[in-house]
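A.B. asks: Dropping the structure in here first, questions after.
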Amino acid sequence: METVRAMALSSSGTSIAFPRPCSAIASPSSSRVLRSINLTSFFRGSSKLHRHKSAYAARTETPRGLGLTVVAAQSEDAESVGPVGVGAIAGGLVAVPVVAWSLYTLKTTGCGLPPGPGGAIGALEGVSYLVILGVIGWSIYTKVKTGAGLPSGPFGLLGAVEGLSYLTFLAILVVFGLQALDFGFIPGPLPGEQCFG
């Protein structure tokens, strides 16, 4: 029917241009282009997802590893100083304030701390002086033997005790010198005529 109508129109001298039907099937080259675009988008998305996972793992795992490292370092410091170092830390942290109290009392009254009940305070005072001298002696021995002072110890406590011991020893020299100039004597470790006799 369409052919007859077209022939009739052609015979009448009128030309009609029929539009070409679009092909519903894509060419092989366009299919390859589409597949390459889809693969590129997929790999880009996978790369972004991998980066996000890596960043999340770094945020969650790094603090845990850091905590384990800090704990290991602290345990190694505690082992390096040994029981003597631990005892020096404990004794020094008690001895330094006791000696400071003793020096203040000596400077203001001319006598050290009172004996206390059963001589407990006086004994604590004397032992504290010995602890300060012991830490300084250990520090000097280590310095001569190794060329360095005492190790820092856990949380830097042994190094702090070492430094405070030197400062306390310097204060002892100053206060004892002033005591000799002001009062003409330095109290002994036991009660005597000048103090608590």
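The values are calculated or read from the model by the stated rules, or taken from the named source; none is laboratory data. All values reported here derive from a predicted model rather than from experimental measurement. We place every Cβ from the backbone using ideal geometry, glycine too, and count neighbours over all the protein chains shown.
A.B. asks: Please pick out the residue among Leu173, Leu150 that is in a helix (DSSP H, G or I) and either touching a helix residue (DSSP H, G or I) at 6+ places or on another chain (Cβ under 8 Å) or of a type in the set (A, V, I, L, M) (or both).
C.D. replies: Step by step, each of Leu173, Leu150 is checked, and only Leu173 is in a helix (DSSP H, G or I) and either touching a helix residue (DSSP H, G or I) at 6+ places or on another chain (Cβ under 8 Å) or of a type in the set (A, V, I, L, M) (or both).
A.B. asks: Return the only residue of Lys48, Lys107 being in a helix (DSSP H, G or I), within 22 Å of Phe169 (Cβ to Cβ) and at pLDDT below 95. Give the derivation first.
C.D. replies: Numbers: Lys48 fails: within 22 Å of Phe169 (Cβ to Cβ).
Residue meeting the stated conditions: Lys107.
A.B. asks: State yes or no: is Ile132 modelled with pLDDT of 95 or more, at negative phi and either touching a helix residue (DSSP H, G or I) at 6+ places or on another chain (Cβ under 8 Å) or of a type in the set (Ser, Thr, Tyr) (or both)?
C.D. replies: In short, yes.
A.B. asks: Let me ask something else about it. Can you find a residue in segment 141-149 that is hydroxyl-bearing (Ser, Thr, Tyr), touching a Gly at 6+ places or on another chain (Cβ under 7 Å) and in contact (Cβ under 8 Å) with a residue 12 or more places away in the chain?
C.D. replies: no
A.B. asks: Are any residues in segment 110-132 farther than 15 Å from Val175 by Cβ and part of a helix (DSSP H, G or I), and if so, which ones?
C.D. replies: Pro117, Gly118, Gly119, Ala120, Ile121, Gly122, Ala123, Leu124, Gly126, Val127, Leu130, Val131, listed by residue number.
A.B. asks: Looking at (1) modelled with pLDDT of 95 or more; (2) touching a Ser or Thr at 6+ places or on another chain (Cβ under 8 Å); (3) of a type outside the set (Ser, Thr, Tyr), which is the only condition Leu93 fails?
C.D. replies: (2)
A.B. asks: Checking Leu164 against (1) in contact with a Leu (Cβ under 9 Å, 6 or more places away or on another chain); (2) at pLDDT below 90; (3) part of a helix (DSSP H, G or I), only one condition comes out false. Which one?
C.D. replies: Failing condition for Leu164: (2).
A.B. asks: When you scan segment 138-161, how many residues do you find that are in contact with an Asp or Glu (Cβ under 7 Å, 6 or more places away or on another chain) and at pLDDT 95 or above?
C.D. replies: Adding up the residues that qualify gives 1.
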